[in-house]
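Bear in mind that the values in this text are calculations on the coordinates, not laboratory data. Keep in mind that this is a model prediction, so the values were computed, not measured. Note: ideal-geometry Cβ built from the backbone for every residue, glycine included; neighbour counts use all protein chains shown.
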Amino acid sequence: MEKIVSLAKRRGFVFPNSEIYGGLASAYDYGPLGVELKNNIKKLWWKFFIQDREDMVGIDGNIISSPKVWEASGHIENFKDPMIECKNCHARYRADKGGKKLKIKLNKLIEGFDKNLKTGADIPTYRDSDVDLSGNCDFCGAKPNGENFTPPRSFSGMFRTHLGPVEENAEIVYLRPETAQNIFINYKNILNSTNKKIPFGIGQIGKAFRNEITTGQFIFRTFEFEQMEIEYFIPDPELTGFDWEKSFDEWKEKMNQFAEMIGLKKDEFENIEISKEERAFYSKRTIDTEYKYPFGQEELWGLAYRGNYDLSRHQDYSKEDLRYFDEKLEGKEKKYLPHVIEPSFGVDRALLAVLCSAYDDSEKERIVLKLPPVLAPYKIAVAPLLGNKPELIEKARSVFELLKKEWHCVWDDRGNIGKRYKSQDEIGTPYFVVIDFDSLEDDSVTIRDRDTMEQKRIKISDLEKYFENKFSF
Ligand code: GAP
């Protein structure tokens, strides 16, 4: 992990946020190469899951929504409990509930007050509590002694802010803790504005914010992060006989395919079936895909069958009829609330997994980031063999201009060619095109391959054809 964090900073993938002021815990900024890599992951996801499918559309929702959205989604209610967390495996327990093996005895609650969003009245909420722990962590077996568990904290995972010019009179609003709710609240708009018929899905990429109790492990768990989420709306299985399990399995396969497209090897990730006891009560099946990060196997992304929980909550709270009119349905009852299958990805965790999988320091001479070419920040480096020969520079510039029309290229004429190769290997540039003195005579260039280090001579006029299919998936 240290090697990856160091490379990420040294080469401009990820910087600690506010570093000149001593940093801000668990906050990072993506640098010139990081933003390219991140955008490429998002572009690939968007193409694969949205644009290439006739049954999908995308949206880009607001980060701040009406607070009623979060009442309906259950976030306001459910993020208000005093929690304790196992520092070893990050399992969280409600301080008033405990786990199967971890027993928690609540001695006292110290209450504070929050405003009820609907009535404006003060409502008591836990501020702090005093507990005794016994047994051990359900998940990793850690004993509740010494430093293993955080003290109980009244924990709101939601970041709050105020809407309006005067803070005292302003409405409390929240930064979204997931992108998914924008999809539910727009599902009717999308039915009305497109020709989509169930089953169909809505995808979205965007920032989400969570006031996490524990953070750490670089960009794995941060307060501000990005999600790529899909809600796939399916007919009510009970009413229509729709085979949700088949659809769920198809999504599982697509997600595995995406993992491989971004360069994760099959033995580096694992799909874990979440047991009934651990699933949300409304979910009939949930899979967490875990990746073997250097610091341990941890959640990368997830897939959940959520039934019609979200739409029914929004229907109750908004009093809007969110049912779908299914003209194919026989008999009187043609309306129902669709069910959803939710593939939910974290961009930053995916990017971290991509870096971990691609990082290769097994060769003595060099470090190589073996990124899939479709994700590489720069696709092609172009350079004159010698950086001080005007005739070479001129020729190389014309090749650079030609290639950069189509692909993201980098001009790299610093130092000797060996050093330049190494430097590009380390940031994952798949090809290096070099213009030498022969090029002036034969209009050919040398292409060096990042992974094999093989060099090939090719005519400049054939270059575009050569690279044509190299960066797609
Ligand atoms: N709508 C469902 C949902 O939000 P989740 O498992 O809470 O589900 C989905 O989040 C994904 O978002 C996770 O699998 C992870 O990739 C990413 N994620 C969640 N919290 C995160 C955090 N604090 N930092 C970075 N990524 C996070």
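What to note about this one:
- Label-point gap, in nm, between Asp449 and Glu77 - each point 7 angstrom along Cα→Cβ: 5.9
- From least to most packed, judged by other beta carbons within 10 angstrom and beginning with the fewest, Trp301, Trp46, Trp244 follow the order Trp46, Trp244, Trp301.
- Residues Glu168 and Asn39, FRET efficiency given R0 of 35 Å [Cβ-Cβ distance, rounded to 0.05]: 0.30
- The range 218-240 residues near the modelled Ser193 label - backbone nitrogen below 20 Å, point 7 Å along Cα→Cβ: 229-233
- Positive contributions from Lys and Arg (+1) and negative ones from Asp and Glu (-1), summed over other residues with Cβ under 15 Å from the Cβ of Glu394, come out at -3.
- A Förster radius of 25 Å, combined with the Cβ-Cβ distance separating Lys459 from Glu260, puts the computed FRET efficiency at roughly 0.15.
- Sum of -39500 (n - 2.57) over DSSP H runs of 4+, divided by residues of the chain (222 nm, nearest 500): -8000 deg cm²/dmol
- Directionally averaged shadow of the range 341-404, computed from the convex hull of its alpha-carbon atoms, nm²: 7.3
- Length gained on full extension, Thr150 to Ile63: 28.3 nm, using 0.36 nm per residue less the C-alpha separation.
- Projected over every direction and averaged, the convex hull enclosing the alpha-carbon atoms of the chain yields 28.4 nm².
- Computed label-point distance, nm, for sites Tyr21 and Trp407 using a 7 Å Cα→Cβ extension: 4.1
- Net charge in the neighbourhood of Lys9 (other residues with Cβ under 14 Å of its Cβ; Lys, Arg +1, Asp, Glu -1) is -1.
- When Val340, Val434, Val5 are sorted by how many other C-beta atoms sit within 10 angstrom of their C-beta, beginning with the fewest, the order is Val5, Val434, Val340.
- In this rough spin-label picture, where each label sits 7 Å from Cα along the Cβ direction, the Asn186-Ser312 distance is 2.6 nm.
- Fully extending the segment from Ile272 to Glu468 would add 66.7 nm, taking 0.36 nm per residue of separation and subtracting the current Cα-Cα distance.
- FRET efficiency, Glu330 to Arg53 (Cβ-Cβ, R0 35 Å, nearest 0.05): 0.80
- Net charge contributed by nearby residues that have their C-beta within less than 9 Å of Leu239 (K/R +1, D/E -1): -4
- For the range 1-18 versus the range 179-218, the gap between their alpha-carbon centres in whole angstrom: 30
- This ranking places Met158, Met56 by how few other beta-carbon atoms lie within 10 Å of each, fewest first, which gives Met56, Met158.
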